[in-house]
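For reference, the structure is listed below as structure tokens.
The values are calculated or read from the model by the stated rules, or taken from the named source; none is laboratory data. A quick note: this is a predicted structure, and the numbers were derived from the prediction, not measured. Every residue, glycine among them, receives a Cβ derived from its backbone with ideal geometry; neighbour counts consider all protein chains shown.
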Amino acid sequence: MGEVLLDIIIQLASQNTQKLIARAKHTEVNNKKEIELTYTEFEILKLLAKHPGIVFSKEQIYDIVWKESYSGDYSIAMSHVRNIREKIEDNPSKPIYIQTVWGVGYRFNKNLIA
């Protein structure tokens, strides 16, 4: 994947929300290969990348991205994280970018942000 995606996420994270939503419908670049992210995938990736090293539970991710509290099964957030990993990680079973903190949640690898 490389630093291209990281640069794009950091750049977009500093711009207004309207522009972020518009970009979410487009693609990110991965070693000259385009990766299509859904709006929800983009919002989850943006949330984690804007707060490197901070652990978000699946409940927090759902509440923030879907902008509502959910009292049911939060596995939908886990499913989206899995889809993001399939798209951005070289080896999704050994993720570098989105790390799992077992029993707590997910975080973006802070060591990748310069």
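The table that follows gives values for the structure above.
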{"quantity": "Counted residues, region 82-99 - those being under 15 Å from PRO52 (Cβ atoms) and hydroxyl-bearing (Ser, Thr, Tyr)", "calculated": "1"}
{"quantity": "Filter result for the condition that a residue is touching a Leu at 6+ places or on another chain (Cβ under 7 Å), at pLDDT below 75 and not basic (Lys, Arg), over ASN16, ASN30", "calculated": "ASN30"}
{"quantity": "Subset of region 49-78 (residues that are surrounded by fewer than 16 Cβ atoms within 10 Å (Cβ to Cβ), within 20 Å of GLY103 (Cβ to Cβ) and charged (D, E, K, R))", "calculated": "GLU59, ASP73"}
{"quantity": "Of residues in region 35-48 being among the hydrophobic types (A, V, I, L, M, F, W, C) and surrounded by 18 or more Cβ atoms within 10 Å (Cβ to Cβ), the one nearest to TYR106 (Cα to Cα)", "calculated": "LEU48"}
{"quantity": "Selection count where residues are charged (D, E, K, R) and either in a strand (DSSP E or B) or at pLDDT 95 or above (or both), scope region 79-114", "calculated": "2"}
{"quantity": "Meets criteria (out of contact with any Pro (no Cβ under 8 Å at 6 or more places or on another chain) and either among the aliphatic types (A, V, I, L, M) or assigned to a helix (DSSP H, G or I) (or both)) for TYR62", "calculated": "yes"}
{"quantity": "Restricting region 79-111 to residues that are out of contact with any Asp or Glu (no Cβ under 8 Å at 6 or more places or on another chain) and among the hydroxyl-bearing types (Ser, Thr, Tyr), the residue that is surrounded by the most Cβ atoms within 10 Å (Cβ to Cβ)", "calculated": "TYR106"}
{"quantity": "Qualifying position, being outside any loop (DSSP other than H, G, I, E, B), over 11 Å from the mean Cα position of the chain (by Cα) and without any contact (Cβ under 8 Å) to a residue 24 or more places away in the chain, among ILE76, ILE35", "calculated": "ILE76"}
{"quantity": "Exclusive hit being of a type in the set (S, T, N, Q), touching a Pro at 6+ places or on another chain (Cβ under 9 Å) and touching a residue at least 40 places away in the same chain (Cβ under 8 Å), set ASN83, ASN109", "calculated": "ASN109"}
